[in-house]
Amino acid sequence: MVLTKRSHSDPLLAEASHREAESSQAEVQRSAEEAREDVKGLKKKLKEGRHFYTTRRFIFPLGLLLGLFLGFMLVEPGDIQDTAAQVALIWNEYDLSLSMPQMPSFDFSRVEVEWKRFTSNIPELWKLNNDGREFKVGEAMKDRGLSAEYPIVLVPGIVSTGLESWSTAPEYRPFFRQKLWGGFHMLSQVTFNRDRWIAALMLDPITGLDPPGGIKVRAAEGLDAASMFVQGYWIWSKVIENLAVVNYDTNNLYLAPYDWRLSYYNLEVRDGYFSKLKLHIEGFKRTQGKKSVIAAHSMGSNVILYFFKWVESPEHGGGGPNWVEDHIQALISIGGTHLGVAKAMAALLSGEMKDTVQVNPAGAYVLERFFSRKERQRLFRSWAGGASMWIKGGDAVWGNATHAPDDESGNDHTHGQLISFRRRLATAPSSEDDRPPFERELSPSAPTAQETGPREESEAEIAQEIRRVENASSLVDTRNMTAEDAGVWILEHTPTTFQKMIQTNYSYGIERDEEQLAKNDHDHRKWSNPLESRLPNAPSMEIYCVYGHGKQTERSYWYASGPYEYDDGYAPDAEGATCPNTTDCITPPLDMPLSRSSWIDGDYTDETVVPKIRNGVNMGEGDGTVSLLSLGAMCAEGWKKKRWNPAGIKVTTVELPHRPVPSIPRGGANTSDHVDILGSTALNEIILKVATGAGHEIKDNYVSRIREYAKRIRAGQLITINDSKRRLHLS
């Protein structure tokens with residue numbers, strides 16, 4: 001056994017170690033308590049700093065309430081019977097009667113009765129889908145003894161027709177035959193498959209047809225194609241309901257949907273749209289023995305004017321000069337965009353319009369982050385159909401730098417300046433340079449490659465040059481642009497593919513020579529422009545122009561310009577570009593494809609001036625979407641002249657004042673908004689009167705000054721002609 005000698009200091013060491021352990025444990029406990037107190041304090045501070053509406057106690061019940069609200073808004077009485085059938089089907093399918101106790105039979109018709117009683121007591125504010133006006137106009141016409149007389153064709157406007165995916169590529173198969181435009185499925189695709197959705201809706205920039213890669217999108221078919229945009233937001237459904245009361249059905253009623261992204265020419269090339277429309281109308285003539293009435297809304301009016309010339313042309317429809325006279329009883333143009341819309345110019349220029357700049361700051365931020373102006377711009381420019389909405393007639397119709405036909409008295413700014421720029425605080429350098437703004441952007445003192453000679457530039461020199469150009473550009477006072485200037489500006493800042501698309505499909509001028517107008521009967525580029533083509537040879541046909549007035553409409557814009565940036569439009573075209581004669585080449589600084597960035601000046605609002613300015617948009621007269629000049633100038637004046645109406649077709653103009661009910665989201669029976677007018681009582685009465693053979697009861701009704709504005713257009717044309725002659729004489 002080995003004995004060891006114990007040290008006298010061992011008890012002291014043990015005691016010291018014990019005390020140290022107790023001290024450490026106490027310190028840890030105090031630290032834990034302090035941490036808990038800190039956490040409690042932070043939670044309390046966070047709780048006190050949070051608003052109640054950001055808590056789960058608020059958000060969860062809110063979600064339940066919104067779900068109930070949507071259910072009340074969208075459910076139909078018939079859905080209750082469908083629910084009963086579905087419950088019975090599930091009950092029998094899984095034989096639940098064996099595992100569940102016997103329940104007394106329940107009559108779901110009682111639920112339907114109670115539901116109707118409940119919804120009848122809901123204020124109209126909540127009735128977005130049905131508001132009690134269904135079938136009313138049709139019933140009133142039926143009580144008068146009126147019934148279906150002429151077959152009727154409904155032609156929707158731009159973005160009204162639903163678009164379906166027919167792509168069979170693996171990545172698109174999950175939503176085959178589902179709507180990419182229109183319906184709630186569109187909302188889910190935009191939210192969760194944004195890039196794929198954009199790729200599917202974009203067209204090939206060269207052909208204007210389906211993009212490569214097997215992507216295929218087609219217009220929906222049938223009455224449902226444009227009856228509603230999404231559940232609860234109707235478009236043509238009110239008109240169809242009232243027509244059904246006076247004995248219309250699928251045998252004498254046809255909705256002619258089309259892919260509004262395509263140019264009018266490509267509608268026939270890809271889809272045979274005009275051939276199908278011609279066959280339908282001829283079929284109505286054979287089966288019903290009557291001519292057809294066409295009711296066209298918005299851009300649909302331009303589509304039908306194009307169709308009339310197409311069907312008469314021996315090179316296209318081959319119907320002969322009398323086809324329209326033999327097959328068409330009347331054309332009802334509803335909010336027709338005859339001379340284009342200003343918002344199309346803004347959309348093609350910067351991817352914006354009133355609807356995008358007047359959202360609240362939070363919404364604007366989300367929109368820009370989720371779907372930027374550049375992305376919207378690229379998408380809009382790929383839709384050749386939208387380019388048909390380019391304003392037509394140039395400065396002769398839309399005004400010049402000093403005045404416009406629809407300027408209000410005492411105005412502070414003329415609508416003739418379609419695109420205006422606020423003056424900068426810095427004083428612009430003195431110059432008599434009168435070049436267009438797209439040539440004046442660049443500093444005239446910028447050295448060219450010819451002056452300096454080729455040399456390598458360091459990154460510091462390049463950065464310094466860019467700063468110098470930006471500083472110099474801030475002194476340039478960009479000149480305001482008229483309609484013609486703006487058109488040139490857009491084309492100067494778009495790729496050649498877009499320019500070729502415009503050149504081969506459309507024309508936006510004005511033609512006064514009757515011989516040239518006759519020649520234009522054989523030029524399809526002119527057919528969508530009423531100022532460069534004639535109405536068809538159909539003296540017995542009647543035209544009814546029906547549109548709203550009294551809702552402020554975007555007419556012209558204030559733009560802001562920023563520093564130079566790479567122009568996406570020029571990038572593909574600039575590759576390998578050379579300049580054989582440097583003396584004739586105007587290149588931007590550093591020989592880069594740069595242009596000044598520009599956007600609607602959404603911060604500029606001034607409702608004390610005339611016209612009122614809201615978020616950079618000058619407000620004018622119209623139906624909320626289309627300017628009064630485009631809606632009514634041809635109806636009130638242009639088509640009364642033999643120059644554009646050689647057959648003497650009778651044209652009746654009916655202006656409907658905009659008198660919405662504030663408590664009803666879509667205005668009620670007396671609204672004249674561009675889209676909501678399709679549900680108005682007055683318009684439905686007009687459509688049914690024409691279709692049932694009582695069109696003679698419809699008379700001209702003007703509530704605006706469109707006739708005065710149209711005369712100003714004519715006077716402005718004479719002034720323009722005289723000025724041109726004077727300049728020629730002086731030269």
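FRET efficiency for the pair Glu37 and Leu64, taken as 1/(1 + (r/R0)^6) with r the Cβ-Cβ distance and R0 = 35 Å, rounds to 0.40. Amide H contacts of Leu255: Leu154, each under 5 Å away and 5 or more positions distant or on a separate chain (H built 1.01 Å from N in the peptide plane; Pro and chain starts excluded).
A straight chain from Asp143 to Asp523 at 0.36 nm per residue would run longer than the Cα-Cα distance by 132.0 nm. Hey, how many Å between the Cα centroid of the range 620-641 and the Cα centroid of the range 191-210? After rounding, the separation between the Cα centres reads 33 Å. Karplus-derived 3J(HN,Hα) values for the range 706-713, using 6.51 cos²θ - 1.76 cosθ + 1.60 with θ = phi - 60°, are 4, 5, 5, 5, 5, 5, 5, 4 Hz; glycine and proline are entered as x.
Values in this text are rule-based calculations from the coordinates and carry no lab data. Since the structure is predicted, the reported quantities are computational estimates derived from the model, not experimental observations. Counting neighbours? That spans all protein chains shown, and the Cβs are built from the backbone with ideal geometry, glycine included.
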